[in-house]
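Notes follow the structure.
FYI, it's all coordinate maths here, none of it is from the lab. These numbers were taken from a predicted model, which means no experiment stands behind them. Here the Cβ positions follow ideal geometry from the backbone for every residue, glycine too, while neighbour counts run over all protein chains shown.
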Amino acid sequence: WAVVNSDGSLVHGSAGTTASQLFKPGVDGSYEVDFGSDVSQCSLLAGLCRTDAANLDPQPGEIGTAYRNGNSEAVYVKTRDSSGAEADRSFHLAAVC
């Protein structure tokens, strides 16, 4: 599991997990989360969420996940705003194996 800020930094995560923002500058809302072990046979669950304890609504939008091409230990995450445009958003991600 991982909690990731909109800039791609890892807030919390399971042991060995890393996160990064991809394709910057130029492309918004693209991330890689590497769990350090094979997740290619796991179910991927993701949601746009706040990464702090503030009692505020998360930003609206959309999120999608995909197994990372060429890296069985990583997940590609794409976030968008509520109009469908690429946008940096914070999120929570779990690989359930």
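Across the chain, Cα pairs under 8 Å and at least six residues apart give a relative contact order of 34 percent. Lacking any other cysteine beta-carbon closer than 4.7 Å, the following Cys residues of the chain have no compatible partner: Cys49. The convex hull built on the alpha-carbon positions of the chain has an orientation-averaged projected area of 6.1 nm².
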